[in-house]
């Protein structure tokens with residue numbers, strides 16, 4: 001924080017502790033970097049970003065971005081790098097100048113304990129780490145240690161930012177966080193990147209069928225995402241709609257299991273696992289689809305893929321889980337399923353493939369995102385909160 005001669009604060013230093021590089025493909029990482037880009041464009045904020053390289057290719061660092069190494073490093077090595085690097089920032093600050101830490105992952109923030117108690121700290125709460133681990137079948141000791149670590153980090157926070165009212169409620173009820181500390185600022189979308197485009201041209205570029213009715217699901221292949229339930233729902237309607245395709249984009253621990261289910265159910269001609277969708281193919285993938293679907297079963301804070309698809313003009317059907325209904329609120333009620341079961345998914349897919357599901361036009365989808373989820377306005381809200389926390393009395 002820089003103070004002028006008349007005592008007025010002119011610049012606030014913010015240290016952003018993230019997870020992975022820009023091209024990692026994760027929703028949390030995309031939110032982190034989109035926020036980063038918008039904060040660096042705003043006056044009054046001097047922000048530095050710290051992350052680990054998740055993929056094998058080299059990372060091109062821009063001004064203020066600091067790669068702390070590869071995620072292949074052992075956990076103690078990674079935590080030590082976070083601790084040493086940020087402690088250097090703390091000790092190099094002029095006497096009496098507070099620093100605001102904005103953490104996006106409890107594990108890396110924990111490397112700064114107990115020092116976090118003595119600096120201003122804003123937690124970006126992207127999800128309950130311990131509970132997510134429990135849904136993926138981790139043992140009780142693993143889950144318990146993660147919950148204790150989360151609680152230790154969160155106890156040092158001066159404010160929290162969640163992407164949805166659903167996760168605000170979760171923080172208050174499950175983590176016993178004071179309600180007045182929790183602020184909801186939804187995720188934004190890079191509207192210059194995620195744009196309307198020709199479906200036909202996008203399909204030609206990707207080599208997708210020009211005649212098929214394509215449903216796209218871009219998700220991490222994890223248990224709580226509901227992908228096996230989506231495949232079951234599609235199986236129930238596939239015979240009646242031979243022109244329909246279900247394309248699943250993403251990587252994760254369930255890939256082999258999902259592949260086995262697809263083979264077992266005789267769906268190889270209609271259900272495809274696309275694997276990781278590269279950054280330069282993600283926008284045309286949304287543009288090429290007739291419909292996106294997000295079948296999450298639990299702990300869905302927001303679902304950034306929902307907004308990205310809408311920004312590209314493709315409507316999205318979502319389960320009534322977590323923050324998903326908030327992302328499409330005010331657009332079309334029929335985009336929210338009645339439930340999260342295979343029955344609910346199959347019913348909506350069948351109606352859609354019949355051409356009887358009324359969905360918003362591409363321009364309506366785009367306008368919904370422009371009106372509610374543009375980054376400049378959302379970034380300004382977060383900057384305002386940073387200033388309020390960072391300049392408040394100890």
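Once divided by 2.2 N^0.38 Å, the Cα radius of gyration of region 109-241 becomes 1.47. For the listed peptides 283-292, 153-162, 195-204, a ranking on the average number of other beta carbons within 10 Å per residue, highest first, reads 283-292, 153-162, 195-204.
Can you tell me the 0 to 90 degree angle between the C-alpha axis of helix 27-40 and the longest principal axis of the chain, rounded to 10? Between helix and principal axis, roughly 50 degrees.
So for region 1-134, what percent of the C-alpha to C-alpha distances run longer than 23 Å?
34 percent
Name all residues of region 35-56 having a backbone nitrogen under 20 Å from the label point set 7 Å from the Cα of residue 136 along its Cα→Cβ direction, giving them as ranges. Counting only backbone N, you get 51-56. Post the alpha-carbon centroid distance, region 4-65 to region 251-273, in whole angstrom. Cα centres, region 4-65 to region 251-273: 37 Å. Based on Cα contacts under 8 Å between residues 6+ apart, the chain shows a relative contact order of 16 percent. Among 113-125, 169-181, sorting by the average number of other beta carbon atoms lying within 10 angstrom of each residue, highest first, gives 113-125, 169-181.
Shown here are the Rg and Dmax of the Cα trace of region 169-266, at 18.9, 53 Å.
Relative to the longest principal axis of the Cα atoms of the chain, the long axis of helix 362-372 makes an angle of roughly 20 degrees.
Helix 165-174 and the longest principal axis of the C-alpha atoms of the chain enclose an angle of approximately 60°.
The alpha carbon centroids of region 168-241 and region 292-370 are separated by 8 Å.
The DSSP beta bridges internal to the chain are antiparallel in roughly 5% of cases.
For the listed peptides 69-80, 49-60, 310-321, a ranking on the average number of other beta carbons within 10 Å per residue, highest first, reads 310-321, 49-60, 69-80. Where only DSSP H runs of four or more residues are counted, the chain gives -12000 deg cm²/dmol as its mean residue ellipticity at 222 nm, each run worth -39500 (n - 2.57). Computing Rg and the Kirkwood Rh from the Cα coordinates of region 199-371 gives a ratio, Rg/Rh, of 0.92.
Each value in this text was obtained by applying a stated rule to the coordinates, not by laboratory testing. Just so you know, these numbers come straight off a predicted model, no measurement behind them. Positions of Cβ are generated from backbone atoms using ideal geometry, with glycine treated the same way; all protein chains shown enter the neighbour counts.
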